[in-house]
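Peer 1: Following this message is one structure expressed as structure tokens.
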Amino acid sequence: MSDFLKMIIGFLFLVFNVQVKLGSITLDIIPDFIGYGLIFLAAKEMLDWSPCFKKTRKHAVIALVISIGRVIALNRNLAFTVQGTLLGIETIAYIYLSYYVMEGLYVKNKTDKIYELNSQLRGAWIAVAVARFIYCFLGLTDLESLTAEFGMEGLESTILILVSVVAFVVEAFFVLTLNQNRMLIEEKNKAEQKKEIRKAEK
């Protein structure tokens, strides 16, 4: 498995949020901290592509620790302010983490003269950052009071579902874009290897 593919699998862990309640304990079947761990490990092997992946690793560690803290806070029913603070920190860490992945790939693509996906990659990241920010905002705010202000009482669940669906779609699109970029890089590497073999044969 390539390191880039390992990173993509890590992001997939962050896309899916499947929680199961066992008595008083809530378990995430696809834990975020595993996703952050995979991204951290993959970024280490991608440092030669760009120094940006060093910053990816730093924010992956922060997000990993905070995501574990969020699981503990949720299962111990800690105060809303504690859970909200952890959500906010993890959201910021994720946005920075994904930003430096995008910037690192920009450098790699420029080096390999791959330009097809650069604008799509940036657009996908912007969509993810906005979706994550809105999701975090709704998690930190008193949604009942907010909907009451706009005459939308009783729509809290609908709003949360819609935002969750949009966040899932844009994050899935970001992951798909990363995978497209991976395939282009691999194709470029294979082409270079074939050239080297032909030169050696001559």
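Peer 1: Looking only at helices (runs of 4 or more DSSP H) that fall completely inside region 5-122, which ones have 3 or more residues that are among the acidic types (D, E)?
Peer 2: Details: elements: 32-45, 52-75, 80-112.
Output list reads 80-112.
Peer 1: Of the residues in region 128-155, how many are in a helix (DSSP H, G or I) and more than 22 Å from S50 (Cβ to Cβ)? Working first, answer last.
Peer 2: Step one: list which residues in region 128-155 are in a helix (DSSP H, G or I), which gives 128-140, 143-149.
So of that shortlist, the ones also more than 22 Å from S50 (Cβ to Cβ) come out as 130-140, 143-149.
Residues in region 128-155 being in a helix (DSSP H, G or I) and more than 22 Å from S50 (Cβ to Cβ): 18 in total.
Peer 1: Just the residues that are surrounded by fewer than 18 Cβ atoms within 10 Å (Cβ to Cβ) and either more than 21 Å from the chain's Cα centre (by Cα) or of a type in the set (F, W, Y) (or both), please, taken from region 45-71.
Peer 2: Hit for region 45-71 is D48, nothing else.
Peer 1: Restricting the search to region 30-44, which residues are open to solvent by 20 Å² or more (accessible area, probe 1.4 Å) and aromatic (F, W, Y)?
Peer 2: Across region 30-44, the qualifying residues are F33, F40.
Peer 1: Filter region 86-140 down to the residues that are open to solvent by less than 40 Å² (accessible area, probe 1.4 Å) and more than 23 Å from N179 (Cβ to Cβ) and list them by number.
Peer 2: Passing the criteria: L86, L87, G88, E90, T91, C136, L138, G139.
Peer 1: Among the residues of region 3-24, how many are modelled with pLDDT of 90 or more, open to solvent by 40 Å² or more (accessible area, probe 1.4 Å) and not hydrophobic (A, V, I, L, M, F, W, C)?
Peer 2: Qualifying residue count, region 3-24: 2.
Peer 1: Looking only at region 1-37, filter to residues that are farther than 24 Å from V166 by Cβ and of a type in the set (S, T, Y); which one of those is nearest to the chain's Cα centre (by Cα)?
Peer 2: S2
Peer 1: For L27, state whether it is exposed (fewer than 14 other Cβ atoms within 10 Å of the Cβ) and either more than 18 Å from N181 (Cα to Cα) or in contact with a Lys or Arg (Cβ under 8 Å, 6 or more places away or on another chain) (or both). Break it down into steps so the answer makes sense when it comes.
Peer 2: Numbers: exposed (fewer than 14 other Cβ atoms within 10 Å of the Cβ): yes; either more than 18 Å from N181 (Cα to Cα) or in contact with a Lys or Arg (Cβ under 8 Å, 6 or more places away or on another chain) (or both): yes.
Yes, satisfied.
Peer 1: Just give me the residues in region 178-191 being modelled with pLDDT of 90 or more and over 12 Å from the mean Cα position of the chain (by Cα), in sequence order.
Peer 2: N179, Q180, N181, R182, M183, L184, I185, E186, E187 - these are the residues of region 178-191 that are modelled with pLDDT of 90 or more and over 12 Å from the mean Cα position of the chain (by Cα).
The values are calculated or read from the model by the stated rules, or taken from the named source; none is laboratory data. Nothing here was measured: the structure is a model prediction, and the numbers come from that model. In this analysis, Cβ positions are derived from the backbone assuming ideal geometry, glycine residues included, and neighbour counts consider all displayed protein chains. Remember, those area values only see protein heavy atoms, side chains included, never the ligands or the DNA or RNA. Shrake-Rupley method; radii C 1.70, N 1.55, O 1.52, S 1.80 Å.
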